[in-house]
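In what follows, a single structure is set out as structure tokens and then discussed.
The values are calculated or read from the model by the stated rules, or taken from the named source; none is laboratory data. What you see is a predicted model, and the numbers here were worked out from it, not measured in a lab. Virtual Cβ from ideal backbone geometry, glycine too; neighbours counted across all protein chains shown. These accessible areas exclude ligands, DNA and RNA; they are computed on the full protein's heavy atoms, side chains included. Shrake-Rupley method; radii C 1.70, N 1.55, O 1.52, S 1.80 Å.
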Amino acid sequence: MLSVVRVGRSDALRKKHRQIIARSKPACYLCGRPIDFALKFPDPGCFVVDHVIPIAKGGSDALSNKKAAHHPRLQFEEEGSRLRADHPEIRVARLMERT
């Protein structure tokens with residue numbers, strides 16, 4: 001009997017990339033404002049790593065495709081946000097609005 005092993009993204013690599021990005025304390029690549037790196041999830045202003053080109057759209061999990069951002073909820077709640085319309089939290093919010 002054959003078994004299928006699903007290969008996911010590496011948690012160790014994710015943690016390493018997060019540390020590398022956080023080390024330089026960059027501004028949010030979506031809104032350009034500073035990020036408070038002391039805030040912890042699920043605070044809307046907390047630091048997250050976002051894929052510039054989503055993996056679902058052919059983007060890679062390489063460091064060069066990752067940027068620092070505020071938590072998506074903060075981006076979604078603010079007027080004038082440049083958050084991608086295909087971001088998962090935006091899609092969920094739009095689906096909830098329809099019901």
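Would you please name the residue that is surrounded by the fewest Cβ atoms within 10 Å (Cβ to Cβ), looking only at residues in segment 54-72 that are of a type in the set (S, T, N, Q) and within 15 Å of ILE21 (Cα to Cα)? Walk me through how you get there before you give the answer.
The first filter runs over segment 54-72 and keeps only residues of a type in the set (S, T, N, Q), leaving 60, 64-65.
From what's left, within 15 Å of ILE21 (Cα to Cα): 64-65.
Numbers: SER64: 7, ASN65: 15.
Looking at residues that are of a type in the set (S, T, N, Q) and within 15 Å of ILE21 (Cα to Cα), I get SER64.
Can SER64 be described as part of a loop (DSSP other than H, G, I, E, B) and modelled with pLDDT of 90 or more?
Spelling it out, it is not the case that SER64 is part of a loop (DSSP other than H, G, I, E, B) and modelled with pLDDT of 90 or more.
Report yes if LYS40 is open to solvent by 100 Å² or more (accessible area, probe 1.4 Å), under 15 Å from the mean Cα position of the chain (by Cα) and modelled with pLDDT of 90 or more, otherwise no. Show your work before the answer.
Values: open to solvent by 100 Å² or more (accessible area, probe 1.4 Å): yes; under 15 Å from the mean Cα position of the chain (by Cα): yes; modelled with pLDDT of 90 or more: no.
Here the answer is no, as LYS40 does not meet what is asked.
For segment 1-35, which residues satisfy the criterion of being outside any helix (DSSP H, G or I), modelled with pLDDT under 90, open to solvent by 80 Å² or more (accessible area, probe 1.4 Å) and not hydroxyl-bearing (Ser, Thr, Tyr)?
Within segment 1-35, MET1, LEU2, VAL4, VAL5, ARG6, VAL7, ARG9, ARG33 qualify.
Regarding segment 75-98, can at least one residue be identified that is surrounded by fewer than 14 Cβ atoms within 10 Å (Cβ to Cβ), in a loop (DSSP other than H, G, I, E, B), modelled with pLDDT of 90 or more and of a type in the set (D, E, K, R)?
The answer is no, given that none of the residues of segment 75-98 is surrounded by fewer than 14 Cβ atoms within 10 Å (Cβ to Cβ), in a loop (DSSP other than H, G, I, E, B), modelled with pLDDT of 90 or more and of a type in the set (D, E, K, R).
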